[in-house]
Amino acid sequence: MKTLPSVDVVIVGGGWSGLLMAKEIGSRTALNVVVLERGGPRRTADYAGGMDELDYAVRMRMMQDLSQETVTLRHSAKSRAAPLRQYGSFLPGSGTGGAGEHWNGVVPRFQPDLFELRSQTLAKYGADRMPHDHAMRDWGITYAELEPYYTRADLLVGSSGKAGNLRGQQIDGGNVFEGSRSAEYPNPPLKIPYFSSLFHDAAKSLGYHPYPSPAATLSRAYVNPDGVARGACSFCGYCERFGCMIGAKAQPTNTLLPVIQKLKNISIRNGAWVRRVVHDSSPKEGKVRGVRYVDSTGEEIFQPADLVLLCSWTMSNTKLLLLSGIGRPYDPATGKGTLGSNLTHQILWPGVTAFFEKPLNRFMGSGSAGIIISDLDADVFDHSTLPFLRGGTLSAMSFGHRPIANFGGVPHSVKSRWGSEWKKAAISYYDQTGRIGFAGEHLPYKTNYMDLDATYKDRFGDPLLRLTLDWQDNERRMAEFAQEKGSELARAMGATEVHPSPPLGTYDATQYQSTHVQGGAIMGSSPEDSVVNTYLQHWQIPNLFVVGASSFPQNASANPTLTVLAVAYRAADAIVDRYLKSPAPLA
Ligand SMILES: Cc1cc2nc3c(=O)[nH]c(=O)nc-3n(C[C@H](O)[C@H](O)[C@H](O)COP(=O)(O)OP(=O)(O)OC[C@H]3O[C@@H](n4cnc5c(N)ncnc54)[C@H](O)[C@@H]3O)c2cc1C
């Protein structure tokens, strides 16, 4: 094994988390920062050749190569896990920019009470109504503490939207249920496509509070506080699973990379696959010495460093800690240990499909264009007679109806599923179909967790990460409730036929839901029930930080990335302003 000269900071992973930490530390200090990214390099110009739906969205050009790395999954500790050999319910990225290159760019904030979920839910509903086997936690920080960092994240990506709660003042037309914002969005909302505008009017007529989706895609030309300029969206509809051709959608390569490339003290090493965090063996108070990785030639390399930041997303962060023997793995039988616990996903579910007798101009769209209601989110509505806690958002998004993904659906009233009758109906319904989607909170349970698989190995012979994960009745009942409300909304929009999706049932790894997977190295205010402190510093190893959604004790209904950026900004401030001056545990 080759040993390289020591560097000040090693960052594992070159996505939103890794490149944000690199930019913050590298631009505010003279430290030598190295980013190790297992995938290849990327830049906006790579996407300029136009969009090929088959290549990018069906064959998943930008995703992690499952023949090199995957996970195993089972529904309970009693069953045997099988490896996911095909893309399914989540689509991890690889290469500079990570999944932030091919994301949609929907950037809501989390509801304030999510950060104190356990204590607030217990206080309001009492122990008897807490779901069986739940593992709800408080985060150790509040929304108010995180708010300035949310604002910085909004400015970084240039969020387009409309505030619904500005310094405590509710504003009609924005999300009136959101936490108080200290500033309006940096940019006005994206244009509202026709289908979404029908939802807006229907929601209003039913007494809801519709608002435009918060978007990391620009509604107008914008220069962020780092001096990075991007242009406005043209609504081509090739966002999710694609890099943006014109750079309107914020991506790590068009937002962070331009700053990083100007800094001589940061380098990105592509093709560097980290296998272990190397540390002193003391289990109580250790010290990381660097990381071991394999480069693109297959050579094993030790990169010594004074400070190590794991920014390789939920699953890889957890796997690297488990493989490196850092922290105590969670044991569901005893409830002891923290590493790998609180695995959550998100209920991102089609809800209902609605068919109309008029064209909807669905070709126009953007990954984050649409209308949302939060009237049934979190705890903002009355749960006293409902058989579940918490909730989610209903929305009519207009992603842009790409032909392969969206052609062929017809209502039940069309009896044929092939031949000329079906073909005629499929052609006309192509632009007359829409979905009312539901994004619901996924609570953490003692039975949902990550550990190392005993059977299946990765390309290096290391155990694969194993997910033990299933929905519980709280999620199933919440989805059923959302479906009823979604059907009412679709009818109020003028849909002539409304088809509910099948019930949520058991966790289905074959259907795409979202790449919003959380937990494994959760944050908290005590090492007894968390892996990192609220600055994302490992409780036992002060020179190790674990950044990303792995730190979320539970998921919101909302998409996670703005919160990932906010907690990363807070960690970066703590590292630059305090840790580097006095390397010690951060109180
Ligand atoms: C199709 C899709 C749509 C999405 N839409 C939205 C949305 O609308 N809103 C939202 O909030 N979020 C969305 N997301 C989620 C969002 O992309 C992620 O939350 C975000 O990218 C997480 O950033 P990250 O840097 O923490 O992780 P990643 O983006 O996953 O980056 C991690 C990086 O680490 C690298 N890595 C992993 N393991 C190793 C290793 N062992 N050694 C070296 N490198 C390693 C990976 O190659 C990767 O580049 C979407 C995701 C997908 C896939």
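The values are calculated or read from the model by the stated rules, or taken from the named source; none is laboratory data. Quick caveat: nothing in here was measured; it's all calculated off a predicted structure. Cβ placement follows ideal geometry from the backbone for every residue including glycine, while neighbour counts extend to all protein chains displayed. Heads up: the accessible areas ignore ligands, DNA and RNA and are worked out on the full protein's heavy atoms, side chains in. Shrake-Rupley method; radii C 1.70, N 1.55, O 1.52, S 1.80 Å.
Quick notes on this one:
- Among the candidates R459, R466, the residue that is modelled with pLDDT under 95 and among the charged types (D, E, K, R) is uniquely R459.
- Only one of A425, A396 that is among the hydrophobic types (A, V, I, L, M, F, W, C), open to solvent by less than 30 Å² (accessible area, probe 1.4 Å) and out of contact with any Phe, Trp or Tyr (no Cβ under 8 Å at 6 or more places or on another chain): A425
- Hey, I11 within 20 Å of L320 (Cβ to Cβ), open to solvent by less than 60 Å² (accessible area, probe 1.4 Å), out of contact with any Gly (no Cβ under 9 Å at 6 or more places or on another chain) and not in a loop (DSSP other than H, G, I, E, B) or not: no
- Considering residues of region 225-246 that are at negative phi and surrounded by 20 or more Cβ atoms within 10 Å (Cβ to Cβ) only, the residue farthest from the ligand (Cβ to nearest atom): R230
- In region 358-374, the residues that are touching a helix residue (DSSP H, G or I) at 6+ places or on another chain (Cβ under 8 Å) and under 22 Å from P112 (Cβ atoms): I373
- None of G13, G18, G50, G40 is at positive phi and within 15 Å of the ligand (Cβ to nearest atom) except G13.
- Condition met for V71 (among the β-branched types (V, I, T), open to solvent by less than 40 Å² (accessible area, probe 1.4 Å) and either on the phi > 0 side of the Ramachandran plot or within 10 Å of the ligand (Cβ to nearest atom) (or both)): no
- Filter result (open to solvent by less than 30 Å² (accessible area, probe 1.4 Å) and either in a helix (DSSP H, G or I) or away from the ligand (no atom under 16 Å from the Cβ) (or both)) within region 81-110: A81, P83, G98, G100
- No other residue among L310, L323, L339 is of a type in the set (A, V, I, L, M), over 18 Å from the mean Cα position of the chain (by Cα) and within 11 Å of the ligand (Cβ to nearest atom) apart from L323.
- Boolean, T318 is open to solvent by 50 Å² or more (accessible area, probe 1.4 Å) and β-branched (V, I, T): no
- Number of positions in region 146-178 that are touching a residue at least 60 places away in the same chain (Cβ under 8 Å), among the acidic types (D, E) and part of a helix (DSSP H, G or I): 1
- From the list K191, K124, the lone residue that is in contact with a Phe, Trp or Tyr (Cβ under 8 Å, 6 or more places away or on another chain), open to solvent by 60 Å² or more (accessible area, probe 1.4 Å) and either assigned to a loop (DSSP other than H, G, I, E, B) or farther than 30 Å from A495 by Cβ (or both) is K191.
- Qualifying residue in region 521-538 (condition: of a type in the set (V, I, T), within 16 Å of the ligand (Cβ to nearest atom) and farther than 30 Å from D375 by Cβ): yes
- Checked against (1) assigned to a loop (DSSP other than H, G, I, E, B); (2) of a type outside the set (S, T, Y); (3) modelled with pLDDT of 95 or more; (4) within 16 Å of the ligand (Cβ to nearest atom), L562 meets all criteria but (1).
- When the test is whether a residue is small (G, A, S) and either part of a strand (DSSP E or B) or surrounded by 18 or more Cβ atoms within 10 Å (Cβ to Cβ) (or both), S219 passes it.
- Residue that is at pLDDT 95 or above and within 16 Å of the ligand (Cβ to nearest atom), where the choices are D154, D113, D172: D154
- Considering only residues in region 539-559 that are of a type in the set (F, W, Y) and assigned to a loop (DSSP other than H, G, I, E, B), the one that is nearest to the ligand (Cβ to nearest atom) turns out to be F552.
- Taking the criterion of being surrounded by fewer than 23 Cβ atoms within 10 Å (Cβ to Cβ), assigned to a loop (DSSP other than H, G, I, E, B) and within 10 Å of the ligand (Cβ to nearest atom), the residues of region 247-273 that qualify are G271, A272.
- The residues listed here are S395, S384, S368; of these, the one that is of a type in the set (S, T, N, Q) and more than 14 Å from A558 (Cα to Cα) is S384.
For (1) open to solvent by 10 Å² or more (accessible area, probe 1.4 Å); (2) of a type in the set (G, A, S), each residue gets a yes or a no:
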{"position": "E441", "(1), (2)": "no, no"}
{"position": "L465", "(1), (2)": "no, no"}
{"position": "K485", "(1), (2)": "yes, no"}
{"position": "R491", "(1), (2)": "yes, no"}
{"position": "A495", "(1), (2)": "yes, yes"}
{"position": "T506", "(1), (2)": "yes, no"}
{"position": "A509", "(1), (2)": "yes, yes"}
{"position": "E528", "(1), (2)": "yes, no"}
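- Filter pass, R276 being closer than 26 Å to W103 by Cα and either of a type in the set (D, E, K, R) or assigned to a helix (DSSP H, G or I) (or both): no
- G298 falls short on exactly one of the conditions (1) touching a residue at least 24 places away in the same chain (Cβ under 8 Å); (2) over 16 Å from L19 (Cα atoms); (3) in a loop (DSSP other than H, G, I, E, B); (4) open to solvent by 30 Å² or more (accessible area, probe 1.4 Å), and that condition is (1).
- For first residues located in region 44-62 and closer than 13 Å to M245 by Cα, partners that are of a type in the set (G, A, S) and lie 6+ apart or on another chain with Cβ distances below 8 Å form the pairs T44/G243; T44/G247; D46/G243; Y47/G243.
- Scanning region 155-184 for residues that are open to solvent by less than 20 Å² (accessible area, probe 1.4 Å) and of a type in the set (S, T, Y) gives S159, S160.
- Of the residues in region 20-28, at least one is among the β-branched types (V, I, T) and more than 22 Å from E240 (Cα to Cα).
- Within region 14-52, restricting attention to residues that are within 23 Å of the chain's Cα centre (by Cα) and assigned to a strand (DSSP E or B), the residue that is nearest to I404 (Cα to Cα) is E37.
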